[in-house]
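> I'd like to ask some things about the structure below.
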Amino acid sequence: MAGKDVATMKIGPKVWKNGKFLDWDDARIHVMSHVVNYGSSVFEGIRCYETSKGSAVFRLTEHMQRLQNSAKIYRMDSAFDRQAFCDATVELIADSGLESCYIRPLIMRGLDEDKPSFGVNPFGSPVDAYIAIWQWGKYLGEEAIENGIDVCVSSWTRITSNSMPAMAKAGANYMNSQLIKMEAILGGFSEGIALDDRGYVSEGSGENIFLVNGGKLITPPLGASILPGITRDSVLQIARELGIEIVETNIQRAALYLADELFFTGTAAEITPIRSVDRITVGSGKRGEITQMIQEKFFNIILAQSPAPFGAQWHTFIADSEEKKTASA
Ligand code: PMP
């Protein structure tokens, strides 16, 4: 089934909602849903790549586990477990006609129209689950992957773990991300880096950050109010296999300026080099050697041209899953 085109994007024709497949245009919510008023959602961002061996979702299980974790933190008991989300995603992609896509699972507090609840207390609102898919290109631009981007340190502090846990990928966290992103864009930068409430480097508005210094790979620890990024984990495992020394430690703002190399990681951003911070050139001002080495390895792995580190299975092949389903039917 072919999806429809919206502007330059191809949209998956169906949206999964609570176990059913709806037409894209029917996946709508009421304006008085709890999520609209109070930001009560958790979500994921996942990519399905067209690989040398067919379409495959990258680290689907890990993403859906993080979705479950985010929902648990916010006491959103979904009727659907990790496997149900994985199966629904595969079915959605298989039926969409899209070879590659971005996947957006979402658990939110909706509105029971027969027994509406309009207050902050979330317990009276139903927990609804959705998955939508669409085709999405490079988040920070094609050219950025090679040449790097110009970023700034944000004047906004990253959310802190005792108020809005960054460990959960909650919709409301992205109000903080939006402040960071808007400030960056209006200042003529592609992205902003937030410091945590102690003043240490945290992350970008939608990316984790890595420094390379003296051949070592350095990144903020999970305690620095960061999302436990799945691309971050992939990069750490790739680096470990390549024999690169890894240091997870608190990083001062000034260390960003003095790094040999800097890059962002994320499902949308993939691995994007940073060539300047606050208009100070980082290293040689182009993609560094270690960044390029890790990037090449990463792209080979996601396209199934190289195996994942240490024999891990990072792909869910759409065709395999469909065959298994037919065989067991
Ligand atoms: N930090 C934030 C705030 C993000 O939104 C993202 C994107 N999900 C990341 C880090 C990177 O996470 P991942 O590699 O799992 O996409």
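The values are calculated or read from the model by the stated rules, or taken from the named source; none is laboratory data. All values derive from a computational prediction rather than experimental measurement. Cβ atoms come from the backbone with ideal geometry, glycine included; neighbour counts cover every protein chain shown. Accessible surface is based on the protein model in full, side chains and every heavy atom, while ligands, DNA and RNA are left aside. Shrake-Rupley method; radii C 1.70, N 1.55, O 1.52, S 1.80 Å.
Condition check ((1) among the polar types (S, T, N, Q); (2) surrounded by 22 or more Cβ atoms within 10 Å (Cβ to Cβ); (3) at pLDDT 95 or above) across all residues:
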| site | (1), (2), (3) |
| --- | --- |
| TYR130 | no, no, yes |
| ILE133 | no, yes, yes |
| GLU146 | no, no, no |
| VAL151 | no, yes, yes |
| ILE185 | no, no, yes |
| VAL212 | no, yes, yes |
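> In addition: Tell me which of these SER55 doesn't satisfy, since it passes every other one: (1) open to solvent by less than 70 Å² (accessible area, probe 1.4 Å); (2) within 30 Å of PHE118 (Cβ to Cβ).
Of the numbered conditions (1) open to solvent by less than 70 Å² (accessible area, probe 1.4 Å); (2) within 30 Å of PHE118 (Cβ to Cβ), the odd one out for SER55 is (2).
> With respect to THR267, is the statement that it is without any contact (Cβ under 8 Å) to a residue 40 or more places away in the chain, within 16 Å of the ligand (Cβ to nearest atom), under 30 Å from ILE185 (Cα atoms) and in contact with a Phe, Trp or Tyr (Cβ under 9 Å, 6 or more places away or on another chain) true? Quick ask: steps written out before the conclusion?
Values: without any contact (Cβ under 8 Å) to a residue 40 or more places away in the chain: no; within 16 Å of the ligand (Cβ to nearest atom): yes; under 30 Å from ILE185 (Cα atoms): yes; in contact with a Phe, Trp or Tyr (Cβ under 9 Å, 6 or more places away or on another chain): yes.
Here the answer is no, as THR267 does not meet what is asked.
> Out of region 290-309, which residues are touching a residue at least 24 places away in the same chain (Cβ under 8 Å) and of a type outside the set (A, V, I, L, M, F, W, C)?
THR291, GLN295, LYS297, GLN305, PRO309
> So which of ARG75, ARG28 ends up being over 20 Å from the mean Cα position of the chain (by Cα), at positive phi and open to solvent by 70 Å² or more (accessible area, probe 1.4 Å)?
Details: ARG28 fails: at positive phi.
After applying the criteria, what remains is ARG75.
> Look through region 110-163, keep the residues that are without any contact (Cβ under 8 Å) to a residue 60 or more places away in the chain and over 26 Å from the mean Cα position of the chain (by Cα), and return whichever of them is nearest to MET64 (Cα to Cα). First the steps, then the outcome.
As a first pass, look at region 110-163 and keep what is without any contact (Cβ under 8 Å) to a residue 60 or more places away in the chain: 112, 114-115, 119, 121, 123-124, 126-127, 137, 141-143, 154-157, 162-163.
Adding the requirement that they be over 26 Å from the mean Cα position of the chain (by Cα) leaves 112, 114-115, 119, 121, 123-124.
On the way: ASP112: 26, ASP114: 31, LYS115: 30, GLY119: 29, ASN121: 26, PHE123: 23, GLY124: 25 Å.
Looking at the filtered set, the residue picked out is PHE123.
> Could you go through region 98-106 and let me know if any residue there is at pLDDT 95 or above, open to solvent by less than 20 Å² (accessible area, probe 1.4 Å), under 21 Å from LEU303 (Cβ atoms) and in contact with a helix residue (DSSP H, G or I) (Cβ under 9 Å, 6 or more places away or on another chain).
yes
> Would you tally the residues in region 31-52 being of a type in the set (Gly, Ala, Ser), surrounded by 18 or more Cβ atoms within 10 Å (Cβ to Cβ) and more than 16 Å from the ligand (Cβ to nearest atom)?
Start the filter on region 31-52 by keeping residues that are of a type in the set (Gly, Ala, Ser), which leaves 33, 39-41, 45, 52.
Among the residues that remain, those that are also surrounded by 18 or more Cβ atoms within 10 Å (Cβ to Cβ) are: 33, 40-41.
With more than 16 Å from the ligand (Cβ to nearest atom) added as a condition, the list becomes 33, 40.
Counting residues in region 31-52 that are of a type in the set (Gly, Ala, Ser), surrounded by 18 or more Cβ atoms within 10 Å (Cβ to Cβ) and more than 16 Å from the ligand (Cβ to nearest atom) gives 2.
> Hey, could you check region 165-189 for residues that are over 28 Å from GLY110 (Cα atoms) and in contact with an Asp or Glu (Cβ under 7 Å, 6 or more places away or on another chain) and say which is nearest to the ligand (Cβ to nearest atom)?
Among residues in region 165-189 that are over 28 Å from GLY110 (Cα atoms) and in contact with an Asp or Glu (Cβ under 7 Å, 6 or more places away or on another chain), the one nearest to the ligand (Cβ to nearest atom) is ALA184.
> Within region 83-93, is even one residue within 28 Å of MET164 (Cβ to Cβ), surrounded by fewer than 17 Cβ atoms within 10 Å (Cβ to Cβ) and touching a residue at least 24 places away in the same chain (Cβ under 8 Å)?
Looking for residues that are within 28 Å of MET164 (Cβ to Cβ), surrounded by fewer than 17 Cβ atoms within 10 Å (Cβ to Cβ) and touching a residue at least 24 places away in the same chain (Cβ under 8 Å), one finds at least one in region 83-93, hence yes.
> Of everything in region 58-72, what is open to solvent by less than 60 Å² (accessible area, probe 1.4 Å) and within 24 Å of PRO126 (Cβ to Cβ)? Give them in sequence order.
Hits for region 58-72 are HIS63, MET64, ARG66, LEU67, GLN68, SER70, ALA71.
> Go through GLY192, GLY204 for me and flag whichever is within 12 Å of the ligand (Cβ to nearest atom), open to solvent by less than 10 Å² (accessible area, probe 1.4 Å) and within 13 Å of THR265 (Cα to Cα). Walk me through how you get there before you give the answer.
Numbers: GLY192 fails: within 13 Å of THR265 (Cα to Cα).
After applying the criteria, what remains is GLY204.
> So, in region 33-65, how many residues would count as being outside any loop (DSSP other than H, G, I, E, B) and more than 21 Å from TRP134 (Cα to Cα)?
Of all residues in region 33-65, those outside any loop (DSSP other than H, G, I, E, B) come to 34-38, 41-43, 46-51, 54-58, 60-65.
Add one more test, that the residue is more than 21 Å from TRP134 (Cα to Cα), and what stays is 34-38, 65.
The number of residues fulfilling the criteria is 6.
> Only residues in region 8-30 that are in the same structural domain as MET108 (by TED's automatic domain parsing) and farther than 22 Å from GLU99 by Cα count as the first member; pair them with residues that are aromatic (Phe, Trp, Tyr) and part of a loop (DSSP other than H, G, I, E, B), Cβ under 9 angstrom, at least 6 apart or cross-chain, and list the lot.
Filtered contacts from region 8-30: ASN18/PHE80; GLY19/PHE80.
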